[in-house]
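Structure, as structure tokens:
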Amino acid sequence: MLSPIKNDAVIRARDVVVVLNNQTVLNQLSLDVMRGEVLGFVGGSGTGKTVLMRTILGLVPKRAGSIEVLGVDLDKASERDRRSIERRWGVLFQQGALFSSLTVLQNVQFPMREYLRLSQRLMDEIAMTKLEMVGLPANVRDKFPSELSGGMIKRVALARALALDPEIVFLDEPTSGLDPIGAGDFDELIRTLQQTLGLTVYMVTHDLDSLHEICDRIAVLSEGKVIVSGTIATMLQSEHPWVKEYFRGKRGRAAISAQA
Amino acid sequence: MALIDEPLLRSATLGDRLQLAAAGSWTAPHAAGLEALIDDAVARGRKLSRVELNMAAVENLDTFGAWLLERLLRGCAEAGRGISVTGLPDRFHGIINEAHQSNRTSAEQPHEGVVGSAVAGTKRALATITQDVVLNVAMFGALVFAAMRVVVKPGSLRLTSVVHHLDRVCWKAVPIVLLITVLIGAIIAQQGIFHFRRFGAEVYVVDMLGILVMREIGVLIVAIMIAGRSGSAYTAELGAMKMREEIDALHTMGLDPIDVLVLPRVLALVIALPILTFLGSMAALYGGGMVCWLYAGMSPDIFLGRLREIISIDHFEVGMSKAPFMALVIGIVASVEGMQVKGSAESLGLQTTASVVKSIFLVIVLDGIFAMFFAAIGK
């Protein structure tokens, strides 16, 4: 929402190499994520989808290559620039990663408390707004994460990821562990929020329905590289055996017929 | 750049109207300053009859800005003042609608008075103590039943587990127990010599050391160390298993966690503590003897001879007979606290602390009860 200009890359990864335990996980990977799009990132289990996300976030060191986020190369940036980039992204971890000793409201307020000097009243009001945006009732505010269901944890984690109104949101398997109805609701929620807040969404997922429903573009990771990227139509035309199996296999066909 | 220009809300009074002109970035980094401007505008708007807001110059707007705008609208509406908003760019409509719908239900918590909360706090504390007693007695009962099942059917004892825990709480605890008790014995002897020397009664240090170590200090020091070392480990292990639903998994497989997890641990502790107490007492006497020799010049022969005169088998029995009971208390408290762990990491820490504090407290109380008991039976 900071800039009305569309179609510029907010994440630009070039020739990224990541080696973990003497195993090359990412091999000369390049990827662009455009402003305002929902990018779905797929790949077989253990191909390094999460590793790439963690590399972009700076949680996993890379051996070679460069990654620019919002036009800043995080390796070369000063500590101060890094911090300012970090408050412009929000991350939803697979298990939610809510702070277990803080209440729901305190979890959502945590980034605000750290980065902004706001009155308690404004923080309360904004945090409640965020919780309502992700579709949670007002009475969850004083609950602890251990008292919440899986779906609610994901929603609170999303509210926390959105606490500072970031420009980019990283979602690691947002619908895993949710029932199909819950997963559908969550997809819709991400779509609505993305449109309302003008977010760029980077989503690691296995959910074929999510890919069909809300992703503008899909990137497929295999053998440490992005082998195909494009719209769902591109995926359906691809002749790469894994992509073919994934999108046109039994479950893929079911998702297509559900769309029809 | 959006980050440089300040969010601005300029206000001007025109007759009975307040004219507001908004500009710049209504975003999170500027929210603190904007909040003050908004509250000020609401306060001024209340005194006038109409408020006009021009949003045309606003470049960026996020949830923070949208909510503050909503606060301005609600503030004016509450005071019964009309407000008109002009020039709002279309791209902001979605987020403003979201803000408009939020915070409609008040989430105010009911407040108790000082007396009310004090009464409620006392009630809670009493309930917790009662619950603690009940849980510990229940765990003792469950352990007795589990032990009886083992007596009826010895094959059902998880011997591998017992041996494993014996290795951890007994064998691996030997070095630290020896080290600490040698030092304690040496310190008692040194202090005794230092003060008894004035009366020329140095030889009575052996009496003090022998009786103190055999009856009280040996078992007490070792029990406190084991409560800190192994009791806390039991609580943390069981608590982590509880957190990750491993204990629930055992239940669903038709296994009793008391049989599988608690009994082997407590049994290992009950076997370990007397052994460690014996080793610890011997080490304390050794440490005391060394100090008597090196510091007071009392030869080992004299020391041992005096010790033999003073120490009867009674003293040894009194000390050793307390050890298994103390182990039982430590084991029960550690298991109960472990099972009490809720979902959070904080709760695990709290229960581990509670486990150590409670078991040390109970060990000392138990020692006092034993002292009264042995005095009564004349030992």
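Helical content alone sets the calculated 222 nm signal of the protein assembly as shown at -18500 deg cm²/dmol, taking -39,500 (n - 2.57) per DSSP H segment of four or more residues and averaging over every residue. Across the stretch B:3-72, C-alpha contacts under 8 Å between residues 6 or more apart give a mean separation that, scaled by the residue count, equals a relative contact order of 39 percent. In plain terms, the C-alpha convex hull of chain A casts an average shadow of 14.6 nm² when viewed from every direction. Relative to the dominant Cα principal axis of chain A, helix A:120-133 is inclined by about 40°.
Relative contact order of the stretch A:99-164, taken over Cα pairs closer than 8 Å and 6 or more residues apart, is 49 percent.
A P(r) calculated from all alpha carbon pairs of the stretch A:98-195, with 5 Å bins opening at zero, reads 2, 13, 26, 25, 20, 10, 3, 1, 0 percent. Dimensions of the protein assembly as shown from C-alpha coordinates, computed as largest minus smallest value along each principal axis and given longest first, are 103, 72, 50 Å.
Inter-chain neighbour count for B:21-31: the average number of beta-carbon atoms from partner chains within 10 Å of each residue's beta-carbon is 3.
When the protein assembly as shown is described by a simple charge dipole with +1 on each Lys and Arg Cβ and -1 on each Asp and Glu Cβ, the residue from A:N107, B:A233, A:L118 located farthest towards its positive end is B:A233. Would you please give the FRET efficiency between B:M148 and B:I302, computed as 1/(1 + (r/R0)^6) with r the Cβ-Cβ distance and R0 = 35 Å, to the nearest 0.05? The formula returns an efficiency of 0.10 here.
DSSP bridge analysis restricted to the protein assembly as shown gives an antiparallel fraction near 45%, rounded to the nearest 5. The mean sequence distance of close C-alpha pairs (under 8 Å, at least 6 residues apart), as a share of the length of chain B, puts its relative contact order at 16 percent. Comparing B:W67, B:L166, B:G121 along the charge dipole axis of the stretch B:38-183, the residue lying farthest to the positive side is B:L166, per the Cβ-charge model.
For the stretch A:99-164, a crude dipole built from +1 on the beta carbon of Lys and Arg and -1 on the beta carbon of Asp and Glu, taken about the Cα centre, is about 120 debye to the nearest 20. Loop-located GluC sites (Glu not before Pro) in the stretch B:228-335 (DSSP state not H, G, I, E or B) with no more than 15 neighbouring Cβ atoms inside 10 Å: B:E245.
Note on chain A: with a GNM built from Cα contacts shorter than 10 Å, the maximum mean-square fluctuation among A:I232, A:I168, A:I218 falls on A:I232. Measure nothing fancy, just the Cα-based angle from helix B:114-152's long axis to the longest principal axis of chain B, in degrees from 0 to 90, nearest 10. Once rounded, one gets 50 degrees. Of all DSSP beta bridges confined to chain A, the antiparallel ones make up roughly 55%. Dipole size of the stretch B:8-101 about its Cα centre, with +1 on Lys/Arg Cβ and -1 on Asp/Glu Cβ: approximately 380 debye, rounded to the nearest 20. Take each peptide in A:139-146, B:344-351, count the other Cβ atoms within 10 Å of every residue, and average; sorted highest first, the result is B:344-351, A:139-146. Only Lys, Arg, Asp and Glu carry charge here, each on its Cβ (+1 for the first two, -1 for the last two); on that basis the stretch B:126-376 has a dipole of about 180 debye about its Cα centre.
GNM on chain B, alpha-carbon springs under 10 angstrom: the most fluctuating residue among B:M214, B:M148, B:M320 is B:M148. Inter-chain neighbour count for A:124-131: the average number of beta-carbon atoms from partner chains within 10 Å of each residue's beta-carbon is 6.
Just checking the listed ones, A:L57, A:L178, A:L122: in the Gaussian network model of chain A with Cα springs under 10 Å, the one fluctuating most is A:L122. In straight-distance terms, cross-link reach from B:K47 covers every one of the aspartates and glutamates whose alpha-carbon lies under 20 Å from its own, apart from those fewer than eight places away in the same chain; here that gives B:D16, B:E35, B:D39, B:E70, B:E78. Against the main long axis of the alpha-carbon atoms of chain A, helix A:250-259 sits at an angle near 60°.
Express as a percent, rounded to the nearest 5, the fraction of DSSP beta bridges in chain B (both residues included) that run antiparallel. In chain B, DSSP labels about 35 percent of beta bridges as antiparallel. Ordering B:P175, A:S66, B:G280 by the projection of their Cα atoms onto the charge dipole of the protein assembly as shown, which places +1 on the Cβ of Lys and Arg and -1 on the Cβ of Asp and Glu, puts B:G280 at the extreme positive end. Near A:S45: Cβ cut-off under 15 Å, other residues only, Lys/Arg at +1 and Asp/Glu at -1. The net charge is -3.
We did not get these values from a lab; they are worked out from the coordinates using the rules stated. What you see is a predicted model, and the numbers here were worked out from it, not measured in a lab. With ideal geometry, Cβ positions are generated from the backbone for all residues, glycine too; neighbour counts draw on all protein chains shown.
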